[in-house]
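First the structure, in the form of structure tokens, and then the observations on it.
What follows is calculated from the coordinates using simple rules that are stated; it is not laboratory data. Just so we're clear, the structure is a prediction, and the values are computed from it rather than from any experiment. Positions of Cβ are generated from backbone atoms using ideal geometry, with glycine treated the same way; all protein chains shown enter the neighbour counts.
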Amino acid sequence: MTAPPRFLVTAEPLALAPLLAAVSSPAHGAVVGFLGVVRAEAGLTALTYEAYPAMAERSMAAIAAELAGRFGPLTLAAHHRVGRLAVGEVSLALAVGAPHRREACLAAAAFVDRLKEIVPIWKTVLGPGSTRDEEEGR
Amino acid sequence: MSESLRILVKVKLFGAYRDAVGAECLARELSAGSSLDGLWQELCREWPTLIPLAAARLAARNLDYAPGEAKLADGDEVAFFPPVSGG
């Protein structure tokens with residue numbers, strides 16, 4: 001099996017295991033995996049994600065470089081899904097490898113924070129018979 | 001005006017910006033030296049439905065965020081889009 005691209009926007013369902021494998025190395029004593037999942041909320045039946053894929057992938061790679069500058073030697077891989085996602089489906093799969101657990105966990109949290117700030121991906125909430133833009137800041 | 005003083009840029013639009021124009025991708029011919037803001041003003045003249053979206057507008061040039069005063073070059077890919085909400 002070929003290694004997955006490190007940063008990807010895709011309409012296909014996401015898998016974490018290939019990303020965990022992609023960031024693992026003999027130098028990394030810690031590997032953290034994170035899944036962003038569509039959460040059940042009142043009035044929500046599904047989310048639709050749209051992206052500017054080329055810029056989103058470039059932007060995720062830029063965040064990874066930024067975090068390596070902040071937390072030391074890290075390997076990151078992140079895939080974001082687009083299209084219609086029902087409650088329980090995975091929108092984001094992220095894996096971080098680092099020499100030690102603290103940096104791996106902090107970098108994973110920081111990556112998601114930055115992604116929500118700068119990566120050109122948009123979600124729309126689909127409810128029963130209505131559409132609205134989701135309030136952000138969570 | 002001579003050909004060399006004109007540039008051709010590709011414009012990508014997302015979310016409400018795409019809906020306001022009714023297209024996700026446009027090709028625009030501009031005067032050499034045009035800025036990102038200049039292009040935006042031109043689009044607003046053609047599609048006034050864009051005007052209310054100006055305040056929240058984010059813009060990119062060749063896949064990187066760019067300020068309104070950024071000068072455009074022939075072959076550039078420009079994008080206008082709303083605040084992001086991925087994750």
### Message
Using the Kirkwood formula on the Cα atoms of the stretch B:3-81, what hydrodynamic radius do you get, in angstrom to one decimal?
### Response
12.4 Å
### Message
How charged is the neighbourhood of B:Leu13? Take every other residue with its Cβ under 10 Å from the Cβ of B:Leu13, and add Lys/Arg as +1 and Asp/Glu as -1.
### Response
0
### Query
Hey, rough spin-label estimate for B:Glu29 and A:Ala27, points 7 angstrom out along Cα→Cβ, what's it come to in nanometres?
5.2 nm
### Summary
In order over the stretch A:113-126: 3J(HN,Hα) from phi, Karplus 6.51/-1.76/1.60, θ = phi - 60°, whole Hz, x for each Gly or Pro, gives 4, 5, 4, 5, 8, 10, 7, x, 9, 10, 10, 10, 7, 10
### Task
Please state, rounded to one decimal and in Å, the Kirkwood hydrodynamic radius that the stretch A:21-83 gives when every pair of distinct Cα atoms enters the mean of 1/r.
14.3 Å
### Query
What ³J(HN,Hα) values, in whole Hz, does the Karplus curve 6.51 cos²θ - 1.76 cosθ + 1.60 give for the stretch A:67-80 when θ = phi - 60°, with x put for Gly and Pro?
6, 5, x, 8, 10, x, x, 10, 10, 10, 9, 9, 10, 10
### Query
What 222 nm value per residue comes from the helices of chain A, counting each DSSP H run with n ≥ 4 as -39,500 (n - 2.57) and dividing by all residues, nearest 500 deg cm²/dmol?
-10500 deg cm²/dmol
#### Entry: Computed helical MRE - 222 nm, chain B, DSSP H runs ≥ 4 contributing -39500 (n - 2.57), nearest 500
-5500 deg cm²/dmol
### Summary
For A:Leu14, other-chain or 5+-apart residues with amide H closer than 5 Å (H placed, Pro excluded) are A:Val90
### Task
First measure r as the distance between the Cβ atoms of B:Gln41 and A:Leu35, then evaluate 1/(1 + (r/R0)^6) with R0 = 45 Å and state the FRET efficiency to the nearest 0.05.
0.55
### Task
Please give the net charge around A:Leu35, taking every other residue with its beta carbon less than 13 angstrom from that of A:Leu35, where Lys and Arg add +1 and Asp and Glu add -1.
+1
### Around A:Leu106: net Lys/Arg minus Asp/Glu count, Cβ-Cβ under 11 Å
+1
### Query
Taking chain A as the region of interest, what is the percent of Cα-Cα pairs per 10 angstrom bin, listed from the shortest bin to the one with the maximum distance?
12, 42, 32, 12, 2, 0
